[in-house]
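Taken together, the values in this text are just the output of simple stated rules run on the coordinates, not laboratory data. Keep in mind that what you see is a predicted model, and the values were worked out from it rather than measured. No Cβ is skipped: glycine too gets one built from the backbone with ideal geometry, and neighbour counts run over all protein chains shown.
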Amino acid sequence: MAVRSHRSGTVGAIRLDLKRLHESWMELFFPRQRGGAHSVLGKWTPSTTSGRVAYGGWAGLGAFVVALLYPLVVVGFALRYYTRRIDRAAASLGVAGVVGLSTLVWGGLTIVAHLQFSRRGFVAVAAAAVVATAAAAAAVAFSRAGGRGTTIVLAYPSAMTALFLPPVVAALFSVTLGSVVFPGSTELAIRLLDGPLAAAGASEFLRDNYTLEGAAYVAMWFAIAVPVGWLLGCVVTLANLVRPSR
């Protein structure tokens, strides 16, 4: 009985998620769709033939879009749990606390660079640590500024930059770290060039004009940090849209 109840609860939750997502889609062009059935006025429906055709066509397209988006919603549920924990930690620390923590972590990496790398490597890692710390502070500030758009467009990419930049720079001067970072980076670059960048028509230009070596790895991960931040922000926002926080 417990297993059956759990399964029925899961199926019910999925159905409610899909309904909310589809109603949100419908509400892009039609009023009183999401939760309209429970309102005094009820869900809006068109009264003309052309309106019913447009309504039905948009609903059918929405079913296809919802089927594509729902896996991202599920990912968003998982990411939302961790982002909330990070947000709470950042809120308790404040901007000064986040700067201090980032300085402690990346400062430790800078000390290692001073002891093991050349002067050039030490300076590069120190500069990356400064940029990462500034990016971490910016991520907290943008998140506090409020507004979903500001958080997605600015806060998430700043956080990704703070996370990616120092290790990649350090890998340029460490054989051990480079053996971990660069093969995976090269494989990811090939996948991007053969996939989305090829579809966008940028693959041939990048292959002809750039070689993935040295500082190009840093530029690559900096460029990746921005769309990855946007993607994470959009996925978490989508999860919040489907299942609002209590």
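Brief remarks on what is shown
- Calculated FRET efficiency for the pair Leu79/Val112, C-beta based, R₀ 25 Å, to 0.05: 0.25
- Sites excluded, chymotrypsin sites (Phe, Trp or Tyr not before Pro) in DSSP loops with at most 12 other C-beta within 10 Å, longest stretch of the chain: 30-209
- For P(r) over Cα pairs in 10 Å bins from 0, in percent, the value calculated from this model appears in (i) 8, 32, 37, 20, 3, 0; (ii) 7, 29, 34, 22, 8, 1; (iii) 7, 21, 25, 23, 14, 7, 2, 0 under label (iii).
- Between Arg88 and Glu27, the distance separating the two model label sites (each 7 Å from Cα on the Cα→Cβ line) works out to 2.7 nm.
- Placing dummy labels 7 Å off each Cα toward the beta-carbon, the span from Leu101 to Thr150 is 2.1 nm.
- Shape category assigned to the range 105-239 from the gyration tensor of Cα positions, a/c cut at 1.5: oblate
- For the chain, the longest principal axis of the Cα atoms and the long axis of helix 156-171 meet at an angle of about 30 degrees.
- Gain upon complete extension [Val180, Lys19; 0.36 nm per residue less C-alpha separation]: 53.6 nm
- Here is the list for the range 165-246: GluC sites (Glu not before Pro) lying in DSSP coil, each with at most 12 other C-beta atoms within 10 angstrom of its C-beta, are Glu213.
- Spin-label model, Ala134/Arg120: points 7 Å from Cα along the beta carbon direction are separated by 2.3 nm.
- Contact order relative to length of the range 71-242, as percent, for alpha carbon pairs under 8 angstrom and 6 or more apart: 31
- Full extension of the chain between Leu231 and Leu72 yields a length gain of 56.3 nm, computed as 0.36 nm times the residue separation minus the alpha carbon distance.
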